[in-house]
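Everything on this sheet refers to the single structure shown next.
The values are calculated or read from the model by the stated rules, or taken from the named source; none is laboratory data. The structure presented is a predicted model; accordingly, all values stated were derived computationally and were not measured. Please note: Cβ atoms are built from the backbone with ideal geometry, for glycine as well, and neighbour counts cover all protein chains shown. Side chains are part of the model used for accessible areas, which takes the heavy atoms of the whole protein and leaves out ligands, DNA and RNA. Shrake-Rupley method; radii C 1.70, N 1.55, O 1.52, S 1.80 Å.
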Amino acid sequence: REEYARLGSVFTVPILSRKITFLIGPEVSAHFFKGNEAEMSQQEVYKFNVPTFGPGVVFDVDYSVRQEQFRFFTEALRANKLRSYVDQMVVEAEEYFSKWGESGTVDLKYELEHLIILTASRCLLGREVREKLFDDVSSLFHDLDNGMQPVSVIFPYLPIPAHRRRDRARQRLKEIFATIIKSRKASGRAEEDMLQCFIDSKYKSGRSTTEGEITGLLIAALFAGQHTSSITSTWTGAYMLRFKQYFAAAEEEQKEVMKRHGDKIDHDILAEMDVLYRCIKEALRLHPPLIMLLRQSHNDFSVTTKDGKEFDIPKGHIVATSPAFANRLPHIFKNPDSYDPDPYAPGREEDKAAGAFSYISFGGGRHGCLGEPFAYLQIKAIWTHLLRNFEFELVSPFPETNWKAMVVGIKDEVMVNFKRRKLVVDN
């Protein structure tokens, strides 16, 4: 924020022996998002993920292999797959919230974190993990998660206790998934989950995925989606409860949807919920969990600012943009620091005002987030259930941002009073 005010939308910060050049705003970000891998690569800057995801996947393989692995993700997130995932999300939400009483006080952050781990384990990791191994796998993922410290970005193999626990957890997860994969293959049974998609995936050469690759891809999928979704669903709730007119608007939308479909919730019905979509999208604009996106520049290139100034960026720089800052630029969003879901409505569409990269919570261009549709469906499924079955009141102070976390979330508890009630549809 300070450097942008002082230097504008393009500036370089020296960190240790490296130079990081920031490109802030859609006018200067096109090459960052659209440059091909030979010009703008992810591999060098995200190499610190390798000990967590494991060998042979994502940032440990060359670009051609990584592209094929991303194709496996794309196939696992196609609309027909998402439909079956939504059915599982709805069941998980119903089961989870059925355990709440008639009224009480809960930490919304804690509750949504736990529900999303359950949902992710069912949709991504599979029935066997969800039904029999949930506690074991959950604690192993906790160790993996805690193995991603700020120091890990620079020294990912430093022999500290957190890294040792990470490595043990990674090995144990590989053993667990190897057993599940062998069992599925032996029985000839196929499931509706991402694990099955990865088992069935084949490279262009005809080679099948290995057990180690499948484990690594599942870990990458869970890392990409678990924290980001739980953080965003919590911010969405906190803002709707702070600004009750948006909670009321989302309730009204539910009534309209229920008039058409009754109590049913599925992929297509969730897709009709535009008010809820905009409430989520605005929470994500103000609080993107990934606050910094990085690339390694392999060639010289130049950018021109909206004021017409041209800057030459030499090859060898790390190039960065910041969704947390770029999503609040006043020449794009009229009230950049205020929560207002309406700028995305037809006629305003401020998120497209300055071109393709005006809103970058999910990145964009060549490396846009593959899980965006999954994330919206998951958060919509949860909040649809809550809007239809509960009244809420926020009783703790409005939450603050926890800037110390690797995936930037919410600092303290988000305490809410709840009261069970059924949303009544007027005839």
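Ranking I280, Q149, A178 by how far each Cα lies toward the positive end of the dipole of the chain (charges on Cβ) leaves A178 at the top. Relative contact order for the chain: 25 percent, from Cα pairs under 8 Å spaced at least 6 residues apart, divided by residue count.
Here the accessible area of the chain is 53 percent carbon and sulfur, with a 1.4 angstrom probe and all protein chains present. Here's how it looks for V319: its modeled amide H is under 5 Å from those of T21, R295, Q296, S297, which are all 5 or more places away or on a different chain.
Summing charges over neighbours of S358, with a neighbour being any other residue whose Cβ is under 13 Å away from its Cβ, gives +3 when K and R count +1 and D and E count -1.
Counting only protein heavy atoms and a 1.4 Å probe, the chain has 46 square angstrom of accessible area per residue. Computed about its Cα centre, the charge dipole of the stretch 303-355 is approximately 140 debye, with only Lys, Arg, Asp and Glu carrying charge at their Cβ.
The 3J(HN,Hα) values that the Karplus relation (6.51, -1.76, 1.60; θ = phi - 60°) gives for the stretch 76-93 are, in residue order, 6, 10, 5, 4, 5, 6, 4, 4, 6, 5, 4, 4, 5, 4, 5, 4, 4, 5 Hz. Gly and Pro appear as x.
Let me know the charge dipole size of the chain about its Cα centre in debye, to the nearest 20, where only the beta-carbon of Lys, Arg (+1) and Asp, Glu (-1) is charged.
On the way: 57 positive and 59 negative charges, 169 e Å.
Using only the charged Cβ atoms, the result is roughly 820 debye.
In loop segments of the stretch 1-105 as defined by DSSP, the GluC sites (Glu not before Pro) with at most 10 further C-beta atoms inside 10 Å of their C-beta are E102.
When the C-alpha to C-alpha distance is required to be over 23 Å, the pairs from K109/K281; K380/K422; K174/K202; K352/K404; K47/K174; K47/K306 that qualify are K352/K404; K47/K306. A Gaussian network model of the chain, with springs between Cα atoms under 10 Å, assigns the largest mean-square fluctuation among D263, D200, D307 to D307.
Within the shell of other residues whose beta carbon sits under 13 angstrom from the beta carbon of V407, the net charge comes to -1, with Lys and Arg scored +1 and Asp and Glu -1.
Net charge in the neighbourhood of F333 (other residues with Cβ under 14 Å of its Cβ; Lys, Arg +1, Asp, Glu -1) is 0. Simple rule: put +1 on each Lys or Arg Cβ and -1 on each Asp or Glu Cβ in the chain, find the dipole, and look at L118, T236, G308; the Cα lying farthest toward the positive end is L118. Our helix-only sum for the chain, with -39,500 (n - 2.57) per DSSP H run of n ≥ 4 divided by its residues, gives a mean residue ellipticity at 222 nm of -15500 deg cm²/dmol.
Only the Cβ atoms of Lys and Arg (+1) and of Asp and Glu (-1) were treated as charged; on that basis the dipole of the stretch 132-272 about its Cα centre amounts to roughly 640 debye. Measuring between their Cα centroids, the stretch 189-207 and the stretch 121-157 lie 21 Å from each other.
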